[in-house]
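The values are calculated or read from the model by the stated rules, or taken from the named source; none is laboratory data. Keep in mind that what you see is a predicted model, and the values were worked out from it rather than measured. Here the Cβ positions follow ideal geometry from the backbone for every residue, glycine too, while neighbour counts run over all protein chains shown. Accessible surface is based on the protein model in full, side chains and every heavy atom, while ligands, DNA and RNA are left aside. Shrake-Rupley method; radii C 1.70, N 1.55, O 1.52, S 1.80 Å.
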Amino acid sequence: MRVTQSVEQFMNDPIAFFGESLTQMHSIPRDELEELQRQAMGIRFKEHRESIEILRKLTDRLTITELNEFDDVVPLLFSHTAFKSYPAALIDNKRFDLMTQWLNKVTSHDLSHVDTEGINSIDEWIDRLDETTPLEVITSSGTTGTLSIIPKDKDSATQGMILWRMCLFQTFGKEPTPEELNPVVEVIWPNFASGKLGHLRIASMLKKSFTGGDESKFHPLYTDAIDTDLMFLASKMRAAASRGELDRLVIDPALTARKDEFIAMQLRQPEELAAFFERLTTELRGRRVFMIGTYNLMYDIAKAGLDRGIKDVFAKDSAILTGGGAKGFVLPDNYMDVIREFLGVDKIQEGYGFSEQNAFHWACDEGRYHVQPWVIPFVLHPDTSEPLPRKGVQVGRAAVYDVLNKSHWGGVISGDEVTIDWDLECPCGRTSVAFEHEIMRYSEKQGVDDDRITCAATQEVHNEAVNFMKEFES
């Protein structure tokens, strides 16, 4: 039985533990897996209680010294606000020394040696962290005017891309071939080429992990990088607009000095979009590709292609990944058929995840998102955050504890309404617990502003900030 194997290997290197096999990963009997998860949760908790100050203070206040059962961790699950618990004025005042001290409290890595002298922007600060620490920090932007800053690390990114390859190119029910273990494909990235936002960090990972090291196989929509400070301005704009105080907003002079650069970047977008579409339908036609994009973006590209009489563009064994919320976008009932007809592929893979955790959960042929085995899922009451029973069909707020998270605490509460049927034996054959396909943000359900800028809205929000800079001269 696997429970007699190394719990440490399960929680630190699940790729080796499961023999780099998607089938083994989701075939472990539920009782065996839960015993592994309990043991791993207790070990990781003790490690992080010592190394993460924000967690240690919370456990001291709640007098929690060990975790034995799954529900024991629920009082320690963080809201997403934990990753924006710094005074926003620190960024405005460019106190990146104090920002580093704050970040040191939410990560297990020691950042006390980081020298922030001469840093004048968020991007420069994150670049310094990249250069001098194990971290690969990601950010998000939202309507509150404060960035979430999540201290992920480089090892997790490398591990994550291997797991992506396993889930994208292997077939559940059989062991992988050498070709499936080391696929080399053209990577189509319909977004900005890079940036510190969570979804843009993936670009560099894909470039390293999916192209066999040949960067000419990486095809972004826009060649530029998104500037984090500009996105921070956009988030402050939205917050100020909601308060009726947009006219009081002050732009950082360092950003103003780069206004012409940002405007030129904006003006290039239509030309780059046309070139991108041409490259997809001519140069890459018939090739095996990996393409990732939100539902609405995929649909827009597919509809434009079909309107031009173009279809069946890529090799049938290409890997296509889509997902993401569609707030503000109305898609027709047959949107997946449109995408499939244009791309010409055998399968379109869907996935579900959120920035505060590392894991990504992949949909089976039944449309359910099977939770990765090192992640312990919870369904919480949406108002009280009390855990709902781990039996029968439960609907509530998604939360997870990810035992593979090493750089920061893996327990987080999401903003998503999910359904889990704990007693289900999925017809796909996977033994793992699964989120049902229909997932909705509570903010959408309640008709309030969300606290994030989604993958789909990156370009829109970037352009909002540039347009604002055009109107208000320094």
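Brief remarks on what is shown
- Qualifying residue in the stretch 121-128 (condition: among the polar types (S, T, N, Q) and open to solvent by less than 30 Å² (accessible area, probe 1.4 Å)): yes
- Of the residues making up the stretch 163-190, those that are modelled with pLDDT of 95 or more, surrounded by fewer than 18 Cβ atoms within 10 Å (Cβ to Cβ) and either outside any loop (DSSP other than H, G, I, E, B) or aromatic (F, W, Y) (or both) number 0.
- Among residues of the stretch 301-340, those that are within 25 Å of K445 (Cα to Cα) and open to solvent by 20 Å² or more (accessible area, probe 1.4 Å), counted: 13
- Residue in the stretch 252-269 that is under 21 Å from S216 (Cα atoms), in contact with a Phe, Trp or Tyr (Cβ under 8 Å, 6 or more places away or on another chain) and in contact (Cβ under 8 Å) with a residue 60 or more places away in the chain present: yes
- Filtered residue count, the stretch 307-326, keeping only those that are assigned to a strand (DSSP E or B) and hydroxyl-bearing (S, T, Y): 1
- Test for G198: is it modelled with pLDDT under 95, open to solvent by less than 30 Å² (accessible area, probe 1.4 Å) and under 22 Å from E136 (Cα atoms): yes
- Residues that are open to solvent by 40 Å² or more (accessible area, probe 1.4 Å) and in contact with a Phe, Trp or Tyr (Cβ under 8 Å, 6 or more places away or on another chain), drawn from the stretch 394-415: R397
- Scanning the stretch 59-77 for residues that are surrounded by fewer than 17 Cβ atoms within 10 Å (Cβ to Cβ) and under 18 Å from S407 (Cα atoms) turns up nothing.
- Residues (in contact with a helix residue (DSSP H, G or I) (Cβ under 8 Å, 6 or more places away or on another chain) and assigned to a loop (DSSP other than H, G, I, E, B)) located in the stretch 192-243: G195, K196, F210, T211, I226, D227
- Boolean, I43 is at pLDDT 95 or above, assigned to a loop (DSSP other than H, G, I, E, B) and not charged (D, E, K, R): no
Yes or no, residue by residue, for (1) among the small types (G, A, S); (2) out of contact with any strand residue (DSSP E or B) (no Cβ under 9 Å at 6 or more places or on another chain):
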position	(1), (2)
K391	no, yes
G396	yes, no
A399	yes, no
D402	no, no
G411	yes, no
V418	no, no
C428	no, no
A434	yes, no
H437	no, no
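- Condition broken by V345, with the remaining ones in (1) of a type outside the set (S, T, Y); (2) open to solvent by 50 Å² or more (accessible area, probe 1.4 Å); (3) touching a residue at least 12 places away in the same chain (Cβ under 8 Å) satisfied: (2)
- Helices (runs of 4 or more DSSP H) wholly inside the stretch 71-134 containing at least 1 residues that are farther than 27 Å from T59 by Cα and of a type in the set (F, W, Y): 96-104, 122-132
- Lone qualifier among F83, F78, F96, F70 - being of a type outside the set (S, T, Y), in contact with a Ser or Thr (Cβ under 8 Å, 6 or more places away or on another chain) and within 14 Å of V412 (Cα to Cα): F83
- Checked against the criteria, L284 does not count as without any contact (Cβ under 8 Å) to a residue 40 or more places away in the chain and among the hydrophobic types (A, V, I, L, M, F, W, C).
- Near pairs, Cβ below 8 angstrom, 6+ apart or cross-chain, from the stretch 67-83 (on the phi > 0 side of the Ramachandran plot) to any residue that is basic (K, R) and exposed (fewer than 15 other Cβ atoms within 10 Å of the Cβ): none
- Within the stretch 416-441, considering residues that are assigned to a strand (DSSP E or B) and open to solvent by 20 Å² or more (accessible area, probe 1.4 Å), the one modelled with the lowest pLDDT: R441
- In the stretch 81-120, the residues that are open to solvent by 60 Å² or more (accessible area, probe 1.4 Å) and within 30 Å of Y442 (Cα to Cα): T81, S85, P87, K105
- Leading residue by the ranking (surrounded by the fewest Cβ atoms within 10 Å (Cβ to Cβ)) among those in the stretch 285-300 that are among the hydrophobic types (A, V, I, L, M, F, W, C) and assigned to a strand (DSSP E or B): V289
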